[in-house]
Amino acid sequence: MRNYTITIFGIVALLAGSVQKSFSQAVDIDFIEVVGRNIVVHYNLDDGANSARQFMVQLYTSQDNFTTALTRVIGDFGPEVTSGFDKKIVWDITKELGSFKGDISFELRGRVYVPFVKIQEIETGRIFKHGKNYPLNWTSGNLSGQVNIELFNEAGERIWGENNVPNVGKFDWFIPGSVKKGKDYKLKFTNVRDRNDIVYSAPFMIKPKIPLLVKAAGVLVILGGVGYLATEKSKTTEATPYPTPTGPPAN
């Protein structure tokens with residue numbers, strides 16, 4: 001088991017965005033624990049009476065001077081986080097930093113979430129097939145901007161990406177045949193001008209273009225046909241014996 005010496009110091013929780021004076025807002029790290037190779041950050045997000053609002057919540061560390069948000073995380077992070085208590089962000093430190101030992105501090109940032117794009121026609125559980133083209137459509141408030149479009153699998157690994165796509169609300173998406181079948185894939189849209197401005201699609205499935213069972217059946221049919229043809233060929237090409245000579249006629 002790897003040992004991580006984590007000094008929790010200088011923990012700061014910042015809440016940005018519009019704040020109405022009649023309500024209190026606060027995001028506070030409650031405590032941090034180490035569970036196996038994961039670091040679990042427990043926090044509270046109190047939005048007062050505006051409990052229906054959603055927030056963008058991201059976690060930063062001192063490893064890069066709190067510059068880039070962590071990506072190998074699961075739980076209550078990213079866009080569309082609602083207010084509440086005992087929220088959790090689970091960070092796999094080995095996937096993000098590799099082998100690590102030393103001091104590290106954390107910063108939790110949150111802001112009221114207003115999506116810069118709204119993705120259309122991708123509902124939870126929709127099925128896409130690799131090796132095919134699909135039109136992606138979204139509504140945009142800034143047609144002159146650009147977006148990065150990325151595909152992530154269930155484990156949060158980046159599988160595919162296209163950068164600097166014109167933010168015009170449409171893109172012809174070809175799913176490479178190398179993409180494995182699976183569930184809970186998501187598309188991530190990132191505002192090129194503000195990398196903290198992101199939108200995720202609903203989770204969907206990716207399946208083979210031709211089902212495996214159909215492929216197997218096709219192989220059997222083809223092999224059966226080959227066997228049949230080979231048999232027929234052997235029948236038609238087999239040499240026909242000549243009649244046995246009877247000798248010259250008797251005198």
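Every number in this text was worked out from the coordinates using simple rules, so none of it is lab data. The structure presented is a predicted model; accordingly, all values stated were derived computationally and were not measured. Quick reminder, even Gly has a Cβ in these numbers, built from the backbone with ideal geometry, and neighbours come from all protein chains shown.
Considering only DSSP beta bridges where both residues belong to segment 12-112, give the percentage that are antiparallel (nearest 5). Show your work: numbers first, answer last.
On the way: 29 of 34 bridges.
Looking only at bridges with both residues in segment 12-112, the antiparallel portion is about 85 percent.
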(request) For Tyr200 paired with Arg158, estimate the spin-label separation in nm (one decimal), with each label point 7 Å from Cα along the Cα-to-Cβ line. (result) 1.6
(request) Loop only per DSSP, at most 16 neighbouring Cβ atoms within 10 Å: give me the GluC sites (Glu not before Pro) in segment 61-167, ordered by residue number. (result) Glu121, Glu123, Glu154, Glu157
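Mind giving me the FRET efficiency for Asn148 and Phe100? R0 is 30 Å, r the Cβ-Cβ distance, nearest 0.05 is fine.
Working: r = 28 Å, r/R0 = 0.93.
Calculated transfer efficiency: 0.60.
Work out how much length Thr68 to Thr139 would gain on full extension: take 0.36 nm times their residue separation and subtract the Cα-Cα distance, in nm to one decimal. Mind showing how you got there, number by number?
Details: separation 71, 0.36 × 71 = 25.56 nm, distance 2.69 nm.
Stretched out fully, the Thr68 to Thr139 stretch lengthens by 22.9 nm.
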